[in-house]
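> Let me begin by handing over the structure; questions about it come next.
The values are calculated or read from the model by the stated rules, or taken from the named source; none is laboratory data. Worth saying up front: this structure is predicted, and the values here are computed from it rather than measured. Cβ atoms come from the backbone with ideal geometry, glycine included; neighbour counts cover every protein chain shown.
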Amino acid sequence: MIAATSPPAAADLYLPEPATVVSKTLLTATEMLFELRLDSGGCLNHMPGQFVEVTVPGAGEAPVSICSAPGRDGLFEIVVRRVGRVSAALHDCRAGQKLGIRGPFGTHYPVERVMKGRDVVFVAGGIGLAPLRSAIHYVLDHRGDYGRVTILYGTRSPLERMFLDELADWSRRQDVDFLQTVDRADASWRGDVGVITKLVPEAGIDPARAVVLACGPPIMYKFVVVSLYAVDVSDSNIYVSLERRMKCGIGKCGHCQINGLYACLDGPVFNYADIVHVQEAI
Amino acid sequence: MSIKKLDRVALDDWVEALIRDHNVCGPQVKGDRFVYERLGSAADLRLDHDVTILPPKKYLLPPAEVLLRFTRGGLFSSELAPEPLVLFGVHPYDVAAIAQMDRYFTQDNPDAHYRARRMGTAIVACDVQNASEDVFAACMGAATVRGGFDLLLTLVGETYVVESRTLAGDALLASAGRLADADPVSLGRREQVWLDAEKLLRRRRLRCRPEELPALLERSYEHPVWEQKSRACFSCGSCVMVCPSCFCFDVQDDLGWDLTSGTRQRRWDGCLLTDFAVVAGGHNFRKQRRERYRHRFYRKGKYLRERYGFVACVGCGRCVVACTSGIASPVDVYNALVEGQ
């Protein structure tokens, strides 16, 4: 994995760059999509899977995955679930509100190296779709560079599904296999019911060609990996994104340590072979 | 860069001269113990201290430190103007710990705030004259130091040998006036002080070499000592707060009374504290005391050693004193692992 390059020694890596909320869109009852722009007019220069530290002045700073593919127009997107002080303050922001951004930080999905020419399988659980979306958009933007593209998406209920327009687009596309399931259906739901692992055997994964990118809650990885083993996918062909409390983003504060690894430097995207024996990882 | 000699009167005069020109902090009496405080008079300086309650870490990574100022309108500015400082009388194990902090904070993503404080700090080290009860610095290779200071003071009989290693050290020593060069007899006695320190600073004995700790820990993850010892842990974090080799911190915003501007501060934090590994939504990645307790000894003996090349324990024994439950001693824990193989 390639970590973000270090700025010169004189720079204060804790100093956020001013940014502005361009727009916000409610995705579910608790998840909000924000479109942001750096006030410098510069590009964020991120890769899919990386994260930024977002400051809401007065509320604090929190690590958030970037959910858009690298763009040329200086805009980027994040999804924030309303769970704490900073995320609640973010939800209350209006368009035009000033924020601070540090980053991008951490490792990214190997969209340019390992994944090129291979089949790509995305396994998204709940809000895990947000970080994966940056890679999904990247792959679909360069569709000819990859083999079969499969997207598996599981949420607890139909109402928790995000990006409904995009889900509809993926299910229409001939060059994408899209499967989704919910743990608990409601009256409106006509699709699959059950946890996401039930989709894995239905996806027709070719273990010799596929690279699997999984993102979801810690418990999901335990079961998804077992279901991937069942169709002969090996550890080195699985990438996971691990959440920890990345307070500083630069390997100093100690909060995001996973045994000897740092989620902010060695992750958040890990090759599963590198963490399968790391006790605190999954 | 020279080696000089000065008697106790000359030392006092020199310290008074330094106090006039600099912000000098050194070990002083507080109750029945010692602390680093700003020196008002040479008479307050206690170079015969055994160990201070807090290490000089508090000057380079303050317990609370403003990183930046912000306005709610989205303006951010770094707070980077620390007061220059002379740390006077720093024991070798604390010099070793500062060298670890230098490695940790100034290389790979350098920390501008640490760097600014460190660049403005001169270190006058002092060889140990009285050992504390729980010290094991000699087991950690930190009973004496060969570098990482500007000046090194060593008491030989009734006089001090003072060695300058840097231009900053030369400049500080210049205010002592004309000093005699250290004679061969004094230098010989200094060698003996260093040899004696290897015995003096070994009140507790580690039954392995520090460089063996990563391999020892590699096979001890499920050792019963983690559960046995951590049952008595209050998760108070005292062991990490007093540790010269614990650098973890939390960052919080404080909004001012005007509600339009504020400061972002970092404060000491520690992996023994209950919520250290809690993420948004409340999940705690180290919920059990056993997991937090074990993490501290793994970070010190294995993780930082593998990443940065140092074992993050210099054998000062402060954690042993600070721990109410008597479970914090790295010597006891690592020896239990050695025995339990």
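> Test of understanding: among B:219, B:207, B:231, B:203, which residue is surrounded by fewer than 16 Cβ atoms within 10 Å (Cβ to Cβ), under 19 Å from residue B:313 (Cα atoms) and out of contact with any Ser or Thr (no Cβ under 7 Å at 6 or more places or on another chain)?
Just one listed residue meets the conditions, B:207.
> For the subset of the stretch A:233-269 comprising residues that are more than 16 Å from residue A:104 (Cβ to Cβ), hydroxyl-bearing (Ser, Thr, Tyr) and outside any helix (DSSP H, G or I), which member is farthest from the other protein chains (Cβ to nearest Cβ)?
A:234
> So which residues in the stretch B:242-271 are at the interface with chain A (Cβ under 9 Å from one of its Cβ atoms), closer than 18 Å to residue B:55 by Cβ and hydrophobic (A, V, I, L, M, F, W, C), if there are any at all?
B:246, B:247, B:248, B:249, B:271 - these are the residues of the stretch B:242-271 that are at the interface with chain A (Cβ under 9 Å from one of its Cβ atoms), closer than 18 Å to residue B:55 by Cβ and hydrophobic (A, V, I, L, M, F, W, C).
> Starting from residues that are within 14 Å of chain A (Cβ to nearest Cβ) and part of a loop (DSSP other than H, G, I, E, B), keep the ones in the stretch B:52-79 and report whichever is farthest from the chain's Cα centre (by Cα).
B:73
> Could you tell me whether residue A:135 is buried (at least 22 other Cβ atoms within 10 Å of the Cβ) and assigned to a helix (DSSP H, G or I)?
When the stated conditions are applied, residue A:135 passes them.
> Let me ask something else. State whether the residues of the stretch A:257-270 include one that is modelled with pLDDT under 95 and surrounded by 15 or more Cβ atoms within 10 Å (Cβ to Cβ).
No: the stretch A:257-270 contains no residue that is modelled with pLDDT under 95 and surrounded by 15 or more Cβ atoms within 10 Å (Cβ to Cβ).
> Can you spot a residue in the stretch A:12-22 that is within 12 Å of chain B (Cβ to nearest Cβ), in contact with a Pro (Cβ under 6 Å, 6 or more places away or on another chain) and in a strand (DSSP E or B)?
No - not one qualifying residue is present in the stretch A:12-22.
> Counting only residues that are at the interface with another protein chain (Cβ under 9 Å from one of its Cβ atoms), within 17 Å of the chain's Cα centre (by Cα) and either in contact (Cβ under 8 Å) with a residue 24 or more places away in the chain or surrounded by fewer than 16 Cβ atoms within 10 Å (Cβ to Cβ) (or both), how many does the stretch B:99-113 have?
Matching residues across the stretch B:99-113 total 2.
> Need a quick list: strands (runs of 3 or more DSSP E) entirely within the stretch A:47-111 having at least 1 residues that are among the acidic types (Asp, Glu) and facing chain B (nearest Cβ under 10 Å).
Once the strands (runs of 3 or more DSSP E) in the stretch A:47-111 are filtered for at least 1 residues that are among the acidic types (Asp, Glu) and facing chain B (nearest Cβ under 10 Å), what remains is A:51-56, A:60-65.
> Right, here's the next one. Identify the residue in the stretch A:203-232 that is among the aromatic types (Phe, Trp, Tyr) and under 21 Å from the mean Cα position of the chain (by Cα) and, among all such residues, is farthest from the other protein chains (Cβ to nearest Cβ).
A:223
> Further question on the same structure: Which residues, counting only those in the stretch B:114-126, are surrounded by fewer than 24 Cβ atoms within 10 Å (Cβ to Cβ) and of a type outside the set (Phe, Trp, Tyr)?
Correct list: B:115, B:116, B:117, B:118, B:119, B:120, B:121, B:122.
> Something else: Conditions: (1) closer than 13 Å to residue A:122 by Cβ; (2) in contact with a helix residue (DSSP H, G or I) (Cβ under 8 Å, 6 or more places away or on another chain); (3) assigned to a helix (DSSP H, G or I). Residue A:167 meets all but one. Number of the miss?
For residue A:167, the exception is condition (2).
> Please find, within the stretch A:77-87, the residue that is surrounded by the most Cβ atoms within 10 Å (Cβ to Cβ) out of those that are among the aliphatic types (A, V, I, L, M) and closer than 13 Å to residue A:33 by Cα.
Applying the filter and picking the extreme gives A:80.
> Another question about this same structure. Looking at the structure I just gave you, is residue B:133 of a type outside the set (A, V, I, L, M, F, W, C), crowded, with 17+ Cβ neighbours inside 10 Å, outside any helix (DSSP H, G or I) and in contact (Cβ under 8 Å) with a residue 60 or more places away in the chain?
Spelling it out, it is not the case that residue B:133 is of a type outside the set (A, V, I, L, M, F, W, C), crowded, with 17+ Cβ neighbours inside 10 Å, outside any helix (DSSP H, G or I) and in contact (Cβ under 8 Å) with a residue 60 or more places away in the chain.
> Considering each residue of the stretch B:1-47, count those that are within 18 Å of residue B:127 (Cβ to Cβ), in contact (Cβ under 8 Å) with a residue 24 or more places away in the chain and assigned to a strand (DSSP E or B), and give that number.
The qualifying residues number 8.
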